[in-house]
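Undergrad: Here it is, the structure in full.
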Amino acid sequence: MIAQYLANGIVLGSSIALGAVGLTLTYNILNFANFAHGSLLSWGAYFAWLVVLVFGGVQSTIGPLSFGWPFILAIVAAALMASVLALVLDWLVFRVLRKSNIQVTLVIASFGASLLLRNLIVVVFGPEPQYYSDNIQIAQPILPGVRTTPDELFVVGLAVVLVIGLHLFLTRTRLGKAMRAVSDNASLAQVSGINVHNVVRWTWVVGGSLAAVAGVMFGLTVQILPDMGFNLLLFLFSAAILGGIGSIYGAILGGLVIGIAADLSVLFISPAYKPAVAFILMIVVLLIKPSGILGEKVQ
Amino acid sequence: MTGIVSYLVFFSILASIYSLMSLGLNLQWGYTGLFNIGVVGFFAVGAYTFAILASPPAAGHIGGFNWPFLAALIAAMIATGIVALIVGIPTLRLREDYLAIATIGIGATIQLIANNMNWLTGGPNGIYNIPQPLSAYFSSNLGYNVFFLVMIVVILLLAYWSLERIVHSPWGRVLMAIREDETAASSVGKSGFSYRLQSFVIGSILMGLAGALYASFIKYISPTLFMPVLTFQVWAMLIVGGSGNNRGAILGSVLVWALWTMSGSVVQAILPSTLQVKGGAFQIILIGLVLMLVLLFRPRGIMGSRKAVVFAGESKTVSGE
């Protein structure tokens, strides 16, 4: 019984982890809590849904999965489109506010942008839930006492691949190293010849792409809703804070812990309270160790 | 004619309720620089506390305490203050965005409790028959609403007057000193945390008071009345009116509330019935655009003080390093 909830938690945690990485990246490099990050998740999920819709005629599926090759294409397209959306948002709003040195209002602006983007979804796509596929998935036993659908295994596998890819990107590539340098100390990075503007742009691309994939993964395993990103935002922030804001590996770890905790809580209280569980964990972390598990000092 | 009058009375009562909230937010944000993105949560705590304590017995959820109006009002304010303490104590020592994150969490959590804790809040059905003070003495609805308006305007003026007194008192000057330069303020022995916490709690109590009055005025509350968009409206009111200025907060409330209700009627008139469900979304997009444009082109709002917190951020954002 517990093993099953643990498995569910890992599936939810995979989405949260990828979303939280983007959040923590923007927090560290751009220096503000981006409340619009949840909207990137929702938009990513809807972008992918659009692409799948275009390929509506393609009915064949990959092995036991509920979707076919168009869906893989849709994930890539969604990541690209969400990156563009993030860059446009930055260019239209955040860039201007950054320039005028009124950094604190960035948070308010991002909160406004999040509501705006969420309601644009309602206007464009309608308020009703959507699904990538009508195929019904049957949960198969994979371990004693644990049943998962093939889609859920795909989601966890994709998350693992992306996390490894992100790790290689940050440690092996010039751009990745530059990103870590800017996040550690922007002024120092600038005097050593790193193009900070370029790093900012790539931060949005990486964060936006991961958000889109997280949104698609959530949409695949649960459903696609205009509110999904906003509802997940609390999980993302809890994960980022638990892992230590600014720490990428912390965000991944935090995402898994929050996902598992939320799903284990179902043993004791109604599933409706999952976001509240994330919130209470966040408050506890802030009380005991505000720097999180892997983070630096926050005071 | 009476139609217009009764509509204006209704409009003014709600504008006053919003004004109380934006005054509370102004104390927190305008004077202290605290991000509260969970305004709706504190508003809901006030509304629900009042509704539970003041209502007659009802099937399905706790109630029947029949508390008198004033007692329930004060209890609602105390309950909101306690919730503010719970959120404020862990977060107000940290970098300012932590409070924003925690307040959005409390807003969501209270919404969850309202929706799911049926024995306490009536769940999705909400709480009915919330009493209105002295309603037995009035025969017409309009007459009563005029009385309610007078009462709420008196409360609003009282709140305005008290806030003006405290922000211009030594206490208020410490608040602004901390907002502008916390290191300097703490070097003369003023604890930033303690003052921030006081300001946060007082501001939240005003939001709770607004919630209690709202519950009493509309007589019926349910979770759908407490959506995150309300927080957004109050922020738009404060930013448009001008943060750091109490008169600006009230002016902004009236203006944005007028814009909101007008856009609502326009949407209703223009949109075909098939698109009506999306009407609310259009309204939010409109208010969002107004807020963004004000932030970008006139960050001080209509009446904002020159020293409003929007310009104080530069010195503080590095404190996270």
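The values are calculated or read from the model by the stated rules, or taken from the named source; none is laboratory data. From a predicted model like this one, the values you see are computed outputs, not experimental measurements. For neighbour counting, all protein chains shown are included, and Cβ atoms are generated from backbone atoms with ideal geometry for every residue, glycine included.
Residues checked against (1) aliphatic (A, V, I, L, M); (2) free of Cβ contacts under 8 Å to residues at least 24 places away in the same chain:
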{"residue": "B:H61", "(1), (2)": "no, no"}
{"residue": "B:G64", "(1), (2)": "no, yes"}
{"residue": "B:A72", "(1), (2)": "yes, no"}
{"residue": "B:A75", "(1), (2)": "yes, no"}
{"residue": "B:I113", "(1), (2)": "yes, yes"}
{"residue": "B:M117", "(1), (2)": "yes, yes"}
{"residue": "B:G123", "(1), (2)": "no, no"}
{"residue": "B:G126", "(1), (2)": "no, no"}
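Undergrad: Can B:T274 be described as at pLDDT below 80, farther than 22 Å from A:L89 by Cα and either among the basic types (K, R) or in a helix (DSSP H, G or I) (or both)? It would help to see each step written out before you state the result.
TA: Details: at pLDDT below 80: yes; farther than 22 Å from A:L89 by Cα: yes; either among the basic types (K, R) or in a helix (DSSP H, G or I) (or both): yes.
Against the criterion (at pLDDT below 80, farther than 22 Å from A:L89 by Cα and either among the basic types (K, R) or in a helix (DSSP H, G or I) (or both)), B:T274 qualifies.
Undergrad: Tell me which residues, restricted to segment A:66-96, are touching a Ser or Thr at 6+ places or on another chain (Cβ under 6 Å) and of a type in the set (A, V, I, L, M).
TA: We begin by selecting, within segment A:66-96, every residue touching a Ser or Thr at 6+ places or on another chain (Cβ under 6 Å); these are A:66-68, A:79, A:83.
Hit for segment A:66-96 is A:A79, nothing else.
Undergrad: Please go through segment A:25-38 and pick out each residue that is in a helix (DSSP H, G or I) and over 10 Å from the mean Cα position of the chain (by Cα). Steps first, answer last, please.
TA: Taking segment A:25-38 and keeping what is in a helix (DSSP H, G or I), we get A:25-30, A:37-38.
Within segment A:25-38, A:L25, A:T26, A:Y27, A:N28, A:I29, A:L30 qualify.
Undergrad: Looking only at residues that are surrounded by fewer than 24 Cβ atoms within 10 Å (Cβ to Cβ) and touching a helix residue (DSSP H, G or I) at 6+ places or on another chain (Cβ under 6 Å) in segment A:223-247, which one is modelled with the highest pLDDT? Spell out how you get there, then give the answer.
TA: The initial filter retains those residues of segment A:223-247 that are surrounded by fewer than 24 Cβ atoms within 10 Å (Cβ to Cβ), namely A:223-225, A:227, A:230-231, A:246-247.
Pick out the ones that are also touching a helix residue (DSSP H, G or I) at 6+ places or on another chain (Cβ under 6 Å) and you get A:224, A:230, A:246.
Working: A:I224: 95, A:F230: 89, A:G246: 81.
Result: A:I224.
Undergrad: Another question, then. Inspect segment B:165-177 for any residue being assigned to a helix (DSSP H, G or I), among the hydrophobic types (A, V, I, L, M, F, W, C) and within 14 Å of chain A (Cβ to nearest Cβ) and give the result as yes or no. Quick ask: steps written out before the conclusion?
TA: To start, the set of residues in segment B:165-177 that are assigned to a helix (DSSP H, G or I) comprises B:165-167, B:170-177.
Cutting the leftovers down to among the hydrophobic types (A, V, I, L, M, F, W, C) gives us B:166-167, B:171, B:174-177.
Still in the list and also within 14 Å of chain A (Cβ to nearest Cβ): none.
Checked segment B:165-177: no residue is assigned to a helix (DSSP H, G or I), among the hydrophobic types (A, V, I, L, M, F, W, C) and within 14 Å of chain A (Cβ to nearest Cβ).
Undergrad: Which of the numbered conditions does B:Y144 fail, given that it passes all the others? Conditions: (1) buried (at least 17 other Cβ atoms within 10 Å of the Cβ); (2) outside any helix (DSSP H, G or I); (3) more than 22 Å from the chain's Cα centre (by Cα).
TA: Only one criterion in (1) buried (at least 17 other Cβ atoms within 10 Å of the Cβ); (2) outside any helix (DSSP H, G or I); (3) more than 22 Å from the chain's Cα centre (by Cα) is unmet by B:Y144, namely (2).
Undergrad: Next up: Collect the residues in segment A:241-286 that are of a type outside the set (A, V, I, L, M) and under 18 Å from A:L25 (Cα atoms), keeping them in residue-number order. It would help to see each step written out before you state the result.
TA: Filtering segment A:241-286 down to residues of a type outside the set (A, V, I, L, M) leaves A:243-244, A:246-247, A:249-250, A:254-255, A:259, A:263, A:265, A:268, A:270-271, A:273-275, A:279.
Across segment A:241-286, the qualifying residues are A:G243, A:G244, A:G246, A:S247, A:Y249, A:G250, A:G254, A:G255.
Undergrad: Being more than 30 Å from B:G203 (Cβ to Cβ) and assigned to a helix (DSSP H, G or I) is the filter here; which residues of segment B:1-20 pass it? Please lay out each step first, then the result.
TA: So in segment B:1-20, the residues more than 30 Å from B:G203 (Cβ to Cβ) come out as B:1-7.
Within segment B:1-20, B:T2, B:G3, B:I4, B:V5, B:S6, B:Y7 qualify.
Undergrad: Check segment A:88-104 and report whether any residue there is within 18 Å of the chain's Cα centre (by Cα) and either away from every other protein chain (no Cβ under 14 Å) or aliphatic (A, V, I, L, M) (or both). Give the steps one after another, and end with the answer.
TA: Keep residues of segment A:88-104 that are within 18 Å of the chain's Cα centre (by Cα), which gives A:89-90.
Of the ones still in play, those that are also either away from every other protein chain (no Cβ under 14 Å) or aliphatic (A, V, I, L, M) (or both) are A:89.
So far as segment A:88-104 goes, yes, one or more of its residues are within 18 Å of the chain's Cα centre (by Cα) and either away from every other protein chain (no Cβ under 14 Å) or aliphatic (A, V, I, L, M) (or both).
Results for (1) of a type outside the set (K, R); (2) surrounded by fewer than 21 Cβ atoms within 10 Å (Cβ to Cβ); (3) within 25 Å of B:S12 (Cβ to Cβ); (4) at pLDDT 95 or above, shown as yes or no for each residue.
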position: B:F138; (1), (2), (3), (4): yes, yes, yes, no
position: B:M151; (1), (2), (3), (4): yes, yes, yes, yes
position: B:I178; (1), (2), (3), (4): yes, no, no, no
position: B:K190; (1), (2), (3), (4): no, yes, no, no
position: B:S204; (1), (2), (3), (4): yes, no, yes, yes
position: B:M207; (1), (2), (3), (4): yes, no, yes, yes
position: B:Y214; (1), (2), (3), (4): yes, no, yes, yes
position: B:F226; (1), (2), (3), (4): yes, no, yes, no
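Undergrad: I'd like the full set of residues that are of a type in the set (A, V, I, L, M) and within 24 Å of the chain's Cα centre (by Cα), limited to segment B:175-198.
TA: Initial filter on segment B:175-198 (of a type in the set (A, V, I, L, M)): B:175-178, B:184-185, B:188, B:197.
Across segment B:175-198, the qualifying residues are B:L175, B:M176, B:I178, B:L197.
Undergrad: Does B:L99 meet the test of being over 15 Å from the mean Cα position of the chain (by Cα), assigned to a loop (DSSP other than H, G, I, E, B) and buried (at least 21 other Cβ atoms within 10 Å of the Cβ)?
TA: Working: over 15 Å from the mean Cα position of the chain (by Cα): yes; assigned to a loop (DSSP other than H, G, I, E, B): no; buried (at least 21 other Cβ atoms within 10 Å of the Cβ): yes.
It is false that B:L99 is over 15 Å from the mean Cα position of the chain (by Cα), assigned to a loop (DSSP other than H, G, I, E, B) and buried (at least 21 other Cβ atoms within 10 Å of the Cβ).
Undergrad: Further, regarding this structure: So, of the residues in segment A:165-197 that are modelled with pLDDT under 85 and not small (G, A, S), which turns out to be nearest to the chain's Cα centre (by Cα)?
TA: Top of the filtered list is A:D184.
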